[in-house]
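**Student:** First, the structure itself, so that you have it in front of you.
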Amino acid sequence: MTRAAVIAGVGGFVPPRVVTNSELAQRLETSDAWIRTRTGIAQRHVVDPGTTTSDLAVEAGRRALKNSGADGADLVVMATTTPDRPCPATAPTVATRIGLSNAAAFDVAAVCSGFLYALQAGAAAITAGFAERVLVIGAETFSTLLNPEDRTTVPIFGDGAGAVVLRPGEREEPGAIRDVHLGSDGGMADLMTVRGGGAEQRSHGGVPSQDDQYFRMSGKAVFFAAVRRMTESSRTVLARTGWQVADVDRLVAHQANTRIIHAVAEQLGLPPDRAVMNIDRVGNTSAASIPLALVDGMAEGTLKAGDRVLFTAFGGGATWGAATLTWPDLSLT
Ligand code: UT7
């Protein structure tokens, strides 16, 4: 029998400070009405100075492990666009702080698709027999990457972390990762980028401008690419699984924009109310987005044991992906 990777627990954490649209409108040329109608976001959580991505990841990781009943993990895969430092990776710090000393640990950089890439890496480690318990974390302090005066990015992104624990099991059991599809197009690298701080900028010499250190996004182009790629990837993974669109009970899409999620649902032929939504409260939390939506969906009862679930995401790179599974019977503490 083929060994499968099964979700055994989930956990999430958002920093306590809430920033409402109205608060942003006091310092940026924007309005609560614009942000709500164009994105679906009403508020986001933002870290206080001194709090880093690993702080959020440790909290989410601990909660996922506790909820899974596992007393440890031998692999930590962490998706983030905002590592604590450019070098080394943040996953070993997180593993050690959680008490998973000597566990294998590495970061995955796929921006808003990061959780799906990390999930696939973790699941593959289980199916290959390389690991017995994997902690997959998506964690971001995106607020640290934004130009505080940029109204095209600041209202969109929020900080947070979400995690799942994977264990070995059987492909047909609830919680088993059924199929995953991942893709990328480096020709779209400039659509979402931080130009400075990397080898490219250093090899050209010179000091990066302040602006080069901030995340920039061509929102409109990203919007259309996100709808197209998430729809295509979803169709691919559904075909691999042997599910019809009508079989999908819940769409858990990267919470980038309510209009993007509804457009993907519409193109797939899914009623929009099948989408699990928490973007109104947390904004776009990049790699943390899908696991945070899982936690909120479970807490609100919009995601239940036995639901056939479709994940999909699109992010910088460009990267994208989709995955299928039947939601298991899990508890949250
Ligand atoms: O996580 C994966 C990657 N990210 C995404 O998937 C995000 C994808 N993109 C989007 O969600 C949307 O493109 C945005 C929400 C970022 C922007 O919405 P849009 O409907 O595409 O607006 P736009 O960029 O076309 O801008 C429309 C207008 C512009 O003004 P003019 O040129 O028409 O006069 C912008 O300058 O809205 C203006 N604008 C704003 N106005 C008020 C842009 N940002 C704001 C703002 N408040 N915050």
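The values are calculated or read from the model by the stated rules, or taken from the named source; none is laboratory data. All values reported here derive from a predicted model rather than from experimental measurement. Quick reminder, even Gly has a Cβ in these numbers, built from the backbone with ideal geometry, and neighbours come from all protein chains shown. Side chains are part of the model used for accessible areas, which takes the heavy atoms of the whole protein and leaves out ligands, DNA and RNA. Shrake-Rupley method; radii C 1.70, N 1.55, O 1.52, S 1.80 Å.
**Student:** Counting only C-alpha contacts under 8 Å and six or more residues apart, can you give the relative contact order of the range 179-326 as a whole percent?
**Tutor:** Numbers: 242 pairs, mean separation 52.4, N = 148.
So the answer I get is 35 percent.
**Student:** Let me ask something else. Could you tell me the distance between the Cα centroids of the range 102-117 and the range 223-288, to the nearest Å?
**Tutor:** Result: 21 Å between the Cα centres.
**Student:** List the residues whose amide H sits under 5 Å from the amide H of Phe157, counting only those 5 or more places along or on another chain, with H placed 1.01 Å from N in the peptide plane.
**Tutor:** Asn284
**Student:** Might you report the magnitude of the Cβ-based charge dipole of the range 3-170 about its Cα centre, with Lys and Arg at +1 and Asp and Glu at -1, to the nearest 20 debye? Don't skip to the end; give the middle numbers.
**Tutor:** Details: 14 positive and 16 negative charges, 57 e Å.
Magnitude of the dipole: close to 280 debye.
**Student:** Could you work out what % of the accessible surface of the range 176-333 is carbon and sulfur, using a 1.4 angstrom probe and leaving DNA, RNA and ligands out of the count? Mind dumping the intermediate values first?
**Tutor:** Working: 3160 of 6450 Å².
Result for the range 176-333: 49 percent of the exposed heavy-atom area is carbon or sulfur.
**Student:** Can you pull out the GluC sites (Glu not before Pro) in the range 84-152 that DSSP calls coil and that have at most 16 other Cβ atoms within 10 Å?
**Tutor:** On the way: sites: Glu132, Glu140, Glu149; in loops: Glu132, Glu149.
Listed in order of number, the matching sites are Glu132, Glu149.
**Student:** Any idea of the accessible area per residue across the range 179-326, 1.4 Å probe, to the nearest Å²? Spell out each step's value before the answer.
**Tutor:** On the way: 5940 Å² over 148 residues.
Solvent-accessible surface per residue comes out at 40 Å².
**Student:** Right, another one. Which trypsin sites (Lys or Arg not before Pro) from the range 213-306 combine a DSSP loop assignment with at most 15 other Cβ atoms within 10 Å? Please report the intermediate quantities before stating the final value.
**Tutor:** Working: sites: Arg216, Lys220, Arg228, Arg229, Arg235, Arg240, Arg250, Arg259, Arg274, Arg281, Lys304; in loops: Lys304.
Those that pass, being in a loop and sparsely packed, are Lys304.
**Student:** Which whole-number percent is the relative contact order of the chain (Cα, under 8 Å, 6+ apart)? If you can, show how the numbers build up before the last one.
**Tutor:** On the way: 858 pairs, mean separation 85.1, N = 333.
Across the chain, relative contact order equals 26 percent.
**Student:** To continue, here is another question. When the Karplus curve 6.51 cos²θ - 1.76 cosθ + 1.60 is applied with θ = phi - 60°, which whole-Hz ³J(HN,Hα) does each residue of the range 160-165 get, with x for Gly and Pro?
**Tutor:** For the range 160-165, the Karplus curve yields x, 8, x, 8, 10, 10 Hz.
**Student:** Hey, if you put +1 on the Cβ of every Lys and Arg and -1 on every Asp and Glu Cβ in the chain, which of Gly198, Gly162, Leu251 ends up farthest toward the positive end of that dipole?
**Tutor:** Leu251
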